[in-house]
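The values are calculated or read from the model by the stated rules, or taken from the named source; none is laboratory data. This is a predicted model, so every value here is computed, not measured. Note that we place each Cβ from the backbone using ideal geometry, even for glycine, and neighbour counts take in every protein chain shown. SASA here: full protein model, heavy atoms, side chains in, ligands and nucleic acids out. Shrake-Rupley method; radii C 1.70, N 1.55, O 1.52, S 1.80 Å.
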Amino acid sequence: MKHHYLLPDISQAGRMGCSLPHLDVPSSELPPEEMLRRELELPEVSEVDLVRYFTALSKLNYGVDTGFYPLGSCTMKYNPRWHEDVARLPGFTALHPYQSEDSVQGALQLMCRLQEYLTEITGMNGTSLVPVAGAHGEAAGLLMVKAYHQARGDKARKKILLTDSSHGTNPASAAMCGFETGVVASDAKGDLDLKSLASLMDEEVAALTLTMPSTLGLFDPKIAEIAELVHERGGLLGGDGANLNALLGRAKFGELGFDYVQLNLHKTFSTPHGGGGPGSGPVCAKEDLVDFLPAPLVTQDNGRYRFISPPKSIGKIASFYGNFGVMVKAYAYVRSLGPDELRQISEDAVLNANYLREKLKPHYFLPYDRICMHEVVFSGKRQKAKGVATVDIAKRLLDYGLHPPTVYFPLTVSEALMTEPTETESKETLDNYIAAMEEIARDAVEKPEILHNAPHNTPVRRLDEAKAFRQLDLRWEIKEQKK
Ligand SMILES: *Cc1c(COP(=O)(O)O)cnc(C)c1O
């Protein structure tokens, strides 16, 4: 099939998409000759050509508005449209960051309340909304850890411990903040190995950062012991709370023994994401760390809201106040749901993941066979033994019009298929996915070539993904035009 929308060969000399009105003002001089271009190589198309071109392009896109998107660790849930309407209210969008505090009291009130909600939801003592991504929130937490130890005169602590299933941003953030890293092993159940932690947790360790639930989608029941061990040896316990979708109203990081945690508002709290932003990664801290939170925070006294800097703040880490639009959506989300429905979200997210786990268990190897949280990690190793790689399974899902799960991550699971259905998907959608995965498992045995060559009905087949990502080709170029 020929895809005209991929080759903009629809230009015809002299064709126009608009007609300009007659000039009813005096014409003015053109700029000097050397500033003029003789040829402007733009496609010449009619309005309907143009509309069809862009509409066809838009249909090549896949998003949560087009279908199921079970990308593990990403929480690709559906975000209600009206949160966008709220964030777009002119009273919010027309604000200027240099306006006086007195003229933006409503916005400050919203930020102050959101700080309080997130503090409550995480069981912490204070929250800074400034970080603009999850990784940015991680870095903020680590800078707070550094400042905390320095303030106590404890200069030896230059190492951050991570787990072997950590999200890639965890070691990257530690390195960005000037720490060395050490990796704690997992045990056979997929939890943190306490012996490994005990052997690594020395006076050089500033903090252990732990994703909770882990990137295997598991809740570590030994969390209290882990926190105790880290604290006993003078370290801090940092949480990666990007996947809070499993814990809302069920467990609080503060009560589990964490000293700080970063959240991803663009995962759990209703901001669509992908493509790099805008996001928001608030960092929430217990009493020992609140004074170090990044500035500014919003506070209220005598009914007036104002910005403050915590006494030992790590300072400013972003321009102005963070991504305000994302905060508005998170506020709308929390207020529209309330405590009971927030809790229901996590119950449904966990239920959906466990439904997939039970239904797909007969067809795919399940390395950690226990109740999971918001996501379930399968392994394609049975299929791999038959010559069908996990990438073949992922590509074949595209033929069903489904987005594949996260593959080959976490690294501790070979041929990993990390699947996060989220709470916004119906049983029918999950059943449709299960049926596709079952059929793929059957085909892997009976007609593997259909998997090796997948996808079959997408506009492009298998790409060099690294190259496609690094050399994104998004611009119309004249050289492709048929003369
Ligand atoms: C998504 C995610 C991050 C990174 O968040 P960004 O906003 O992409 O920087 C960090 N940790 C975990 C566990 C995540 O799932």
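Key figures for this structure:
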item	result
Leading residue at positive end of dipole, the chain (Cβ point charges), from THR181, PRO459, GLY257	PRO459
Span from the segment 389-449 Cα centroid across to the segment 175-226 one, whole angstrom	29 Å
Cβ-derived FRET efficiency at R0 45 Å, ALA295 paired with LEU472, nearest 0.05	0.80
Cβ-based charge dipole, the chain, positive-most Cα from TYR333, ILE440, ASN125	ILE440
Sparse-neighbour loop sites [trypsin sites (Lys or Arg not before Pro); segment 56-115; at most 15 other C-beta within 10 Å; DSSP]	ARG88
Simple spin-label estimate for LYS427 and LEU42 in nanometres, 7 Å along Cα-Cβ	5.5 nm
Accessible area of GLU180 in the full protein assembly, 1.4 Å probe (Å², nearest 10)	90 Å²
Cα-centred dipole magnitude for segment 146-192, charges only on beta-carbon of K, R (+1) and D, E (-1), debye, nearest 20	340 debye
Segment 7-60: radius of gyration over Cα atoms, expressed as a fraction of 2.2 N^0.38 Å	1.57
Separation in nanometres of the label points that stand 7 Å from Cα toward Cβ, at TYR98 and ARG343	4.9 nm
The chain - percent of accessible surface contributed by carbon and sulfur, probe 1.4 Å	55 percent
Segment 203-238: GluC sites (Glu not before Pro) in DSSP coil with no more than 12 other Cβ atoms inside 10 Å	GLU203
Principal axes of the chain: Cα extent on each, largest first, Å	78, 69, 44
DSSP-defined antiparallel bridges as percent of all bridges, segment 81-337, nearest 5	40 percent
Beta bridges per DSSP with both ends in the chain, % antiparallel, nearest 5	55 percent
Test item: Cα-centred dipole of segment 344-469, Lys/Arg +1 and Asp/Glu -1 on Cβ, debye	560 debye
Relative contact order (percent, whole number), the chain, Cα cutoff 8 Å, 6+ residue spacing	19 percent
Cα-projected label distance for GLU225 with ASP464, points at 7 Å along beta-carbon direction, nm	5.0 nm
Helix-derived mean residue ellipticity, 222 nm - over the chain, DSSP H n ≥ 4, -39500 (n - 2.57), to 500	-11000 deg cm²/dmol
Between segment 307-326 and segment 10-39, the alpha-carbon center distance in angstrom	47 Å
Charged-residue dipole, Cβ positions (Lys, Arg, Asp, Glu), the chain about Cα centre, Debye nearest 20	560 debye
Average accessible surface area per residue within the chain, 1.4 Å rolling probe, Å²	50 Å²
Over 25 Å (Cα to Cα) - which of LYS158/LYS195; LYS158/LYS267; LYS361/LYS384; LYS252/LYS329 fall in this group	LYS158/LYS267
Leading residue at positive end of dipole, the chain (Cβ point charges), from GLY67, GLN105, PHE307	GLY67
